[in-house]
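The values are calculated or read from the model by the stated rules, or taken from the named source; none is laboratory data. Please read all numbers here as calculations on a predicted model, not as lab measurements. Because the Cβ atoms are built from the backbone with ideal geometry, glycine has one as well, and the counts that use them run over all protein chains shown. Keep in mind that these areas ignore ligands, DNA and RNA; they rest on the heavy atoms of the full protein, side chains included. Shrake-Rupley method; radii C 1.70, N 1.55, O 1.52, S 1.80 Å.
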Amino acid sequence: AGGGRMIDRLRKWYYNAAGFNKLGLMRDDTLHEDDDVKEAVKRLPEHLYNERVFRIKRALDLSLKHQILPKDQWVKYEEDHHYLEPYLKEVIRERHEREAWNKK
């Protein structure tokens, strides 16, 4: 149990050290946009897509101004969720199925 708490503290420290949360971004906002990620983003429900676009635009604006959000607006480790993950898993599964089908 003690090791699990230590790993969780390390994860939280790394999450904050990465810095994207200080710009209001979530982990899934920072994924490298390969073809799979682009397709998953297209499949997001409109409200999730709009929230993502807002966070990214705000982060770009802050970055250009060399600013960060006030600390009370940072995305907290506990509040960050992998909103893109279910869509990305589906896209990857479909791609693997297509590749397997094309090999036949």
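Report the paramagnetic label zone for ASP35: residues of the range 60-104 whose backbone N is under 11 Å from a point 7 Å from Cα along the Cα-to-Cβ axis.
Only 95-96, 99 fall inside the zone, counting backbone N under 11 Å.
Hey, what do the phi angles of the range 16-30 turn into as Karplus ³J(HN,Hα) couplings, whole Hz, using 6.51/-1.76/1.60 and θ = phi - 60°, x for Gly and Pro?
Result, ordered by residue: 6, 5, 4, x, 5, 5, 6, 9, x, 8, 9, 3, 5, 6, 9 Hz.
Would you please name the trypsin sites (Lys or Arg not before Pro) within the range 50-88 that are DSSP coil residues with at most 12 other C-beta atoms within 10 Å of their C-beta?
Passing sites in the range 50-88 are LYS65, LYS76.
Compute the separation of the alpha-carbon centres of the range 69-104 and the range 1-46 and state it in Å as a whole number.
10 Å
Just to verify a number: what accessible area does ILE68 come out at with the full protein assembly present, 1.4 Å probe, Å² rounded to tens?
90 Å²
In percent, how large is the relative contact order of the chain, given Cα pairs closer than 8 Å and 6 or more residues apart? Write down the numbers at each step before the final one.
Numbers: 70 pairs, mean separation 41.0, N = 104.
Relative contact order, the chain: 39 percent.
What are the ³J(HN,Hα) values, in whole Hz, obtained from phi via the Karplus relation 6.51 cos²θ - 1.76 cosθ + 1.60 with θ = phi - 60°, for each residue of the range 57-65 in sequence order, with x given for Gly and Pro?
5, 4, 5, 4, 4, 4, 5, 4, 8
Counting only pairs 8 or more places apart or on different chains, how many lysine pairs in the chain have C-alpha atoms closer than 22 Å?
So the count works out to 15.
Probe of 1.4 angstrom, ligands and nucleic acids ignored: what's the accessible area per residue over the chain, in square angstrom?
Using a 1.4 Å probe on heavy atoms only, each residue of the chain averages 75 Å².
Within the accessible area of the chain, what % is carbon and sulfur when the probe is 1.4 Å and the other protein chains stay in place?
After summing per-atom areas, the C and S share lands at 57 percent.
Can you give the Rg and Dmax of the chain based on its C-alpha atoms, in angstrom?
Over the chain's Cα set, Rg and Dmax evaluate to 16.8, 55 Å.
Could you work out how far apart the two model spin labels at ARG93 and SER63 are, taking each label as a point 7 Å from the Cα in the direction of the beta carbon, and quote it in nm?
3.2 nm
On a 0 to 90° scale, report how tilted helix 85-103 is relative to the longest principal axis of the chain, with both axes built from alpha carbons and the result rounded to the nearest 10.
30 degrees
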